[in-house]
1. Residues that are closer than 23 Å to residue 676 by Cα and at pLDDT 90 or above: find the strands (runs of 3 or more DSSP E) completely inside region 713-791 holding 2 or more of those.
2. Going through region 698-749 one residue at a time, which ones are surrounded by fewer than 18 Cβ atoms within 10 Å (Cβ to Cβ), closer than 25 Å to residue 647 by Cβ and touching a helix residue (DSSP H, G or I) at 6+ places or on another chain (Cβ under 8 Å)?
3. When region 513-532 is examined, which residues are found to be in contact (Cβ under 8 Å) with a residue 24 or more places away in the chain and either farther than 18 Å from residue 473 by Cβ or part of a loop (DSSP other than H, G, I, E, B) (or both)?
4. Hey, can you tell me all the residues within region 84-131 that are assigned to a helix (DSSP H, G or I) and under 28 Å from the mean Cα position of the chain (by Cα)?
5. Only one of these is in contact (Cβ under 8 Å) with a residue 24 or more places away in the chain and over 30 Å from residue 658 (Cβ atoms): 741, 731, 758. Name it.
6. If I go through region 670-696 residue by residue, how many of them are in a helix (DSSP H, G or I) and surrounded by 18 or more Cβ atoms within 10 Å (Cβ to Cβ)?
7. If you take the residues in region 439-453 that are under 32 Å from the mean Cα position of the chain (by Cα) and not in a loop (DSSP other than H, G, I, E, B), which one is modelled with the highest pLDDT?
8. From the residues in region 258-270 that are surrounded by fewer than 20 Cβ atoms within 10 Å (Cβ to Cβ) and touching a residue at least 24 places away in the same chain (Cβ under 8 Å), which one is nearest to the chain's Cα centre (by Cα)?
């Protein structure tokens, strides 16, 4: 092995030296030589790995890794809170109970502790407690972070309790507070404000004002914070919960479970001895335990664990509660590509909530994700999940977040590459900086806009360092004044190779900002934000950014149309639009966008620009697709040209007719979906049941089926061939007389169907549900001819909602 390593190393070194000394570009043969050498080194590494790893540790590692998927999120919460509960939970529940029995209107209760000790986990444990669930009419969870913005917090509260239509148009705090008052009136509420840093009493008074006027007793605000001063703000609280690290007796079993998936694990005594010494260095901190445990779990050998134990990183601890060295240790042992992906998050402010797909698209646009064996998005998804598994990302409801301490690590390790400017003490600007994020929302407020020089000075420093020409990512998010706008537009003029732009436009600079964007020919990812009553269309010039992969206009308000030349963006994979995706139907000649990954809506028309054949070459579209205007498709051949059957990545397909036509039966036959489709909706179809939904059934993976106003359909699919179907919805099926889900099957082959909805089926006489053992919800409404309902469960697990069926009598309903 040693000879092979030396030989491979020498050959590789000599080739690299000879090639890098050449002043010209590498030839194809030289590139191929490098590739072959790298492949041979991979093989050598495999041999070394096989020779050095003990067989028993290989087997143990495999067994543990087989159970290690998705350790983030739900599993972590279960491990930390259910198996290792904190005594402080009982203290909080007692205080809440006492508050409810007194005349106290509002109890504000902070949980105070160092980063990573489990403040948020404890708050979630209280939030989900069965007694709390029963005692409060309304529960609200809002993540605050360092950016304390009263308006955004008010909007966050309303997201939990009111439909968006009630407050989305309101831009001022007073108006938002009125809506909050309306929805909390005479209701007992629990509000959790997670990760608070703000110390200003005046701003707290401003936020809490409407919450004190709910006209109900026993309301509770539960806060988590690292800062004791926040907890001691006068007139706000009557004490707080101090949360330290887990005690030694609890912490070691917890750490063992994080490593071995079993707190009672008794094997590998030598490893456990080393593990106990490492546990002491973690100071009872759950976040540090989860991070380091993932590190240990991936290499169950004594030499490796000893290297972790004796690492110099531990010597860098500044205080008794400092766990940054433990987190930094985990970062240092990441594979290089994961280090690069994680450190990019230093551009985002603390507490920033992001979607998984959003970050992956950024990684791909920058070329951070490379894998010849699978799609880049899939490879990025695997890397993202790996970072979640290692506790670098945490699940936060529908989004993800980087823990504050992990964010500190990201900023430290990327100080020469990434720069965050958010109004706080920004780090030094190095000439090697390639990614800059400017986030103004923590500093600029409507009433004090223009009073801050922080961003202006930092932009000057960035420009003076000469890094604009080599910048690859630039973000400007939030409101700002005209002076900053002038500086920023000037900075844009000096960009040369930028690949990612994320820009918030203001009414006074939207034109100059957009005119600057069109010259960035290397741009691969563009996100534009604009919120104003002065609606502004997107300029045609954007359509000249031919390398663009992602165009995100989700936050561009008032947009009703797209540039006519949008289909010139031949490399576009994602066009992210506001709302449900109806703007996708405004893309003329969409078939030219052959790499498009998502197309939520397509409106078929008779002209060539919107002919259904435009869908033919969109082989990679995934997620959901709604095809409207199918009355404009002339025959089966034209429908077949859309090649719906070949779109294997589609999960949801909706087929909709606006009016009747004589060729509906032919057209639907040409729209047969791929066999992997999960959700199918057919709306306003007036023909007979298509063969691919009847006799030649081919959709065995369906999970939901909705047939709406399909007035001529008399038969339903063979349900025995739908083992994964969970929801069935039949609405306005005026020719349907019998719904029969009744066939012989073994226990293993029973349907998963849990929800059945049948409404306004005027000819329906009989419903037989004998094969619906998993049914939990049955809704039948306005079926005037229905006289027989059979196969109902007598177990009491089904929730029935039956109305408007006058012929259905008690003696005609049976199990």
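The values are calculated or read from the model by the stated rules, or taken from the named source; none is laboratory data. Since the structure is predicted, the reported quantities are computational estimates derived from the model, not experimental observations. When we count neighbours, we look across all protein chains shown, and the Cβ atoms used for this are built from the backbone with ideal geometry, even at glycine.
1. Of the strands (runs of 3 or more DSSP E) lying wholly inside region 713-791, those with at least 2 residues that are closer than 23 Å to residue 676 by Cα and at pLDDT 90 or above span 727-731, 755-759.
2. Across region 698-749, the qualifying residues are 698, 700.
3. 514, 515, 518, 520, 521, 522, 523, 524, 530, 531, 532
4. Result: 119, 120, 121, 122, 123, 124, 125, 126, 127, 130.
5. None of the others qualify; the one that does is 741.
6. Residues meeting the conditions: 2.
7. Per the criteria, the residue is 439.
8. The extreme case among them is 261.
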